[in-house]
Amino acid sequence: DTAVSQTPKYLVTQMGNDKSIKCEQNLGHDTMYWYKQDSKKFLKIMFSYNNKELIINETVPNRFSPKSPDKAHLNLHINSLELGDSAVYFCASSQARTTYEQYFGPGTRLTVT
Amino acid sequence: EDKVVQSPLSLVVHEGDTVTLNCSYEVTNFRSLLWYKQEKKAPTFLFMLTSSGIEKKSGRLSSILDKKELFSILNITATQTGDSAVYLCAGKETSGSRLTFGEGTQLTVNP
């Protein structure tokens, strides 16, 4: 029944490790996104994919690599984790790129120690 | 760089009060202004405003956009404790799907 789901919900790991966060949407949407929400609650776009094609790639360290195996999934892999990567990461989807609202997943709280 | 500014950042009211949340934006190739409500987890969509001067309503919530003055307001009448949340506004550009979010207004409604 869940529209946009993410796993895991919580992730605690040490500096230098590599981790992945998975996102799936069952809404039949064409466009998916990754956002980072820091401690000040600002939501900032990181990446966007439209039908498996990368369309937004903000100024994000190249330790972050998104992968979209199909249009219902958008995963985020992070290499060599740093303390500053600690945040809540939200996945979102929208029906199309331009005219539609975005629906958010429950978030993954990443804590790097 | 695109910018969205919300005010106030924090607001504490009593149940039954009416509140107005403000959002001003500077978004290149602006298309729409979106409002979201964020409680503990995911932001949930409230409104998307594309045309100036047309009020959108959903129950006790309403919102309007002024594209000349580049701002939007979100009104909540007869507030309830369940309205306590962070309210986020975001500007959407025409050419793509990028949303630029404001910092949010933390609304606390006390019984």
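The values are calculated or read from the model by the stated rules, or taken from the named source; none is laboratory data. Everything quoted here is computed from the prediction, not taken from an experiment. Glycine also receives a Cβ, built like all others from the backbone with ideal geometry; neighbour counts cover every protein chain displayed.
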query: Do you know which residues across the range A:70-113 are more than 23 Å from B:Lys41 (Cα to Cα) and free of Cβ contacts under 8 Å to residues at least 12 places away in the same chain?
result: A:Thr98, A:Thr99
query: How many of the residues in the range B:44-85 are modelled with pLDDT under 95 and of a type in the set (Val, Ile, Thr)?
result: 3
- request: Given the conditions (1) buried (at least 21 other Cβ atoms within 10 Å of the Cβ); (2) closer than 19 Å to A:Leu43 by Cα, report the number of the one that B:Val86 does not fulfil.
  value: (1)
task: Tell me, yes or no, whether the range A:27-39 has at least one residue that is touching a strand residue (DSSP E or B) at 6+ places or on another chain (Cβ under 8 Å), part of a strand (DSSP E or B) and farther than 23 Å from B:Ser95 by Cα.
output: yes
- request: Restrict the check to the range A:34-45 and report whether at least one residue is over 10 Å from A:Gly105 (Cβ atoms), without any contact (Cβ under 8 Å) to a residue 24 or more places away in the chain and crowded, with 18+ Cβ neighbours inside 10 Å.
  value: yes
- line: Checked the range B:47-65 for anything of a type in the set (A, V, I, L, M, F, W, C) and in a loop (DSSP other than H, G, I, E, B); matches are B:Ile54
message: Taking the criterion of being touching a residue at least 24 places away in the same chain (Cβ under 8 Å) and within 12 Å of the chain's Cα centre (by Cα), would at least one residue in the range B:50-62 satisfy it?
response: no
- prompt: Taking the stated definitions as given, is A:Met32 within 14 Å of another protein chain (Cβ to nearest Cβ), in contact with a Lys or Arg (Cβ under 6 Å, 6 or more places away or on another chain) and of a type in the set (A, V, I, L, M, F, W, C)?
  reply: no
